[in-house]
1. If you count only protein heavy atoms with a 1.4 Å probe, what accessible area per residue comes out for the stretch A:184-310, rounded to a whole Å²?
2. Divide by every residue of chain A the summed helix terms, -39500 (n - 2.57) for each DSSP H run of at least 4, and state the resulting mean residue ellipticity at 222 nm, rounded to the nearest 500 deg cm²/dmol.
3. From the phi of every residue in the stretch A:265-270, what ³J(HN,Hα) in whole Hz does the Karplus formula 6.51 cos²θ - 1.76 cosθ + 1.60 yield, where θ is phi - 60° and glycine or proline is x?
4. Any chance you could run the full-extension gain for residue B:167 through residue B:145? It's 0.36 nm times the residue separation minus the Cα-Cα distance, nm to one decimal.
5. Given just the C-alpha atoms of chain A, how large is their convex hull per residue in cubic angstrom?
6. Nearest-5 percent of antiparallel DSSP beta bridges in chain A?
7. For the pair residue B:89/residue A:209, report the inter-label distance in nm, with labels modelled 7 Å from Cα in the Cβ direction.
8. In the Gaussian network model of chain A, springs joining C-alpha atoms below 10 Å, which of A:251, A:193, A:259 carries the largest mean-square fluctuation?
Amino acid sequence: MTETVVIAEIVKGAVHPTTAELITAANALGSQPVVVVPCADASLADGAAKFTGVAGILAAKSDVFSDYDAAGWAAALDAVTPAGIIITSASPQSKDLAARLAARRGISVVQDVVKIESGNLTSPIYSGKAMQTVSLSGNAVVSVRPNVFDASGNDGSANVSVVDTSGDVATAVQEFMARASNRLDVAEANIIISGGRGMGNPENFSHLEAIADTLGAAVGASRAAVDTWDEIPHSMQVGQTGKTVNPNLYIAVGISGAIQHLAGMRSSKYIVAINKDADAPIFQHADYGIVATWEEALPILQSTLSAMMA
Amino acid sequence: MANIIVLVKQVPDTNARIVLSGERVDLSAVKKVMSPYDEFAVETALQHREASGGEVTAITVGAAGADKVLKDAKAIGVDHIVRIDCDDNLDSNALQSMLASVVSSLEADVVYCGKSAADTGAGSTGPGLAERLGWASVSNTISVAFGDQLSVITPSSGGNARVNVPLPAVISCDKGDIKVRKPNVKGIMQAKRAQVDVQSVEVPASTISIVTHSMPPAKPAGKSYEGGAAAAEVAQLLRDEANVI
Ligand SMILES: Cc1cc2nc3c(=O)[nH]c(=O)nc-3n(C[C@H](O)[C@H](O)[C@H](O)COP(=O)(O)OP(=O)(O)OC[C@H]3O[C@@H](n4cnc5c(N)ncnc54)[C@H](O)[C@@H]3O)c2cc1C
């Protein structure tokens, strides 16, 4: 049987729910994983004890885990992580860590896995224009896309053991620059509403922001919007030269659906498109397509959602 | 004076249609370009040279056809171009091992690369290479300032972080706010004459093998509506049918 290890996904000092999806991925490889929780304070690992389908929880405790440093994290995790196939989330930080860990162990890494079948792993390539299925001989580190695998159960009570570890930190954080708004970043959000050139001007993004705040969503943008308007920063850009996102829900407003935009969002679980042009390519990828101007559709969307959320 | 390396990769143009022939992608008819993020890495490497003096070496791994991406880098302004000769489909372990042996032999101070290549999208090469070399690394940087150490800006939960990076280090570049320079006529002429330094290094066996390539599963046709009033129904369906809000 293949031994598997899950590295818990830590976001803002807590075990992120996507960790339960990583456990399902490990189960698909045929085993109950040990879940390693990188933490500065071992009580954080209690957040993983409820997951079912695991062999146990290992709190890897070190000051290294206070700020992210790829070298320090990889060293400290490597020291305490059992041998086997190691599974991480495919978030930007965890992909970085996955590559470090694999290199440290002299094994290979397979990123962005969206399917596991008979031990073979499938990931999108060419920005999702094709899929690649690979087989492993020996151990590897595997990162798994969020919102693809079902979550394992959360009514368990696994045993948590604590082990101290350490690693040499190479970089030093000088300052954090918090975003002006406390809205989520597109890379972190489970729901994203994005605007394109069809929004007409940057002030009109306020309509998207209002809906985002109703839903607890992030606001994204197409490259045309980012390139045309200084007010729309590149950090909002979704696509080939922006961020790759996998939210549960992606709402594209006034975005045509160019191949480079699709590259960043086509693996979203549900896609809603609002566009005045019935022939816009985005509609071929939409679960729900509304042919209308945003001026017409957004106020109705906003009021319906507000009523639902109230 | 800094000894600067930039890693570049040739990939299909992002507009290209990807087709299969049997169970493998067939790229024979596809135009190849420098991976978009590598353009930011090249620009950052050139800015580093301008700030501190030194030389920039562009490295790619591939067969002779990949010389074109090195010539493109040369036309933009790098000093030296190196191709690590290799025909095979390498896994990350094999690829990074080859790069690590060449980068060590060049005694570099810093390696820049794109945050991920447009073909695999993996983003493993920068951090993996750094680990093999025992160097610091930061990925997804949107700004780099040069000095005895680098000061980079990279996304962090809730915003960005400014991070000091001791050299030697590997920096994987996201787009950020820099404008990439384009080749000029003189650069293009120099690139034509430039000699590619072809190196052969030992390759460890790959432990990851490609089983098959396939087209993405077709998405079932969605529901479509005319007119903005439908937004109310869609909102309901997002809750009751899709269960996403
Ligand atoms: C190397 C490379 C990398 C790229 N990377 C990216 C990337 O990362 N992300 C990205 O997004 N693009 C990227 N692009 C650009 C991409 O090709 C498109 O140009 C871009 O996505 C178009 O943005 P858009 O859909 O907002 O604009 P357009 O294509 O101009 O579409 C605007 C849409 O708005 C609709 N519209 C207009 N008015 C209204 C209205 N009142 N109500 C509703 N709809 C309306 C129109 O019907 C149209 O469909 C890249 C291109 C290249 C070459």
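1. On the way: 4540 Å² over 127 residues.
Computed with neighbouring chains in place, this is 36 Å² per residue.
2. -7500 deg cm²/dmol
3. 9, 5, 8, 4, 5, 10
4. Length gained, residue B:167 through residue B:145: 6.7 nm.
5. On the way: hull volume 43.7 nm³, N = 310.
It is 141 Å³ per residue.
6. 20
7. If labels sit at residue B:89 and residue A:209, their model points lie 4.8 nm apart.
8. For chain A, modelled as a Gaussian network with Cα springs under 10 Å, the answer is A:259.
The values are calculated or read from the model by the stated rules, or taken from the named source; none is laboratory data. For clarity, every value in this text was computed on a predicted model and none was experimentally measured. Here Cβ is always computed from backbone atoms with ideal geometry, including for glycine, and neighbour counts include all displayed protein chains. With ligands, DNA and RNA removed, areas are computed over all heavy atoms of the protein, side chains included. Shrake-Rupley method; radii C 1.70, N 1.55, O 1.52, S 1.80 Å.
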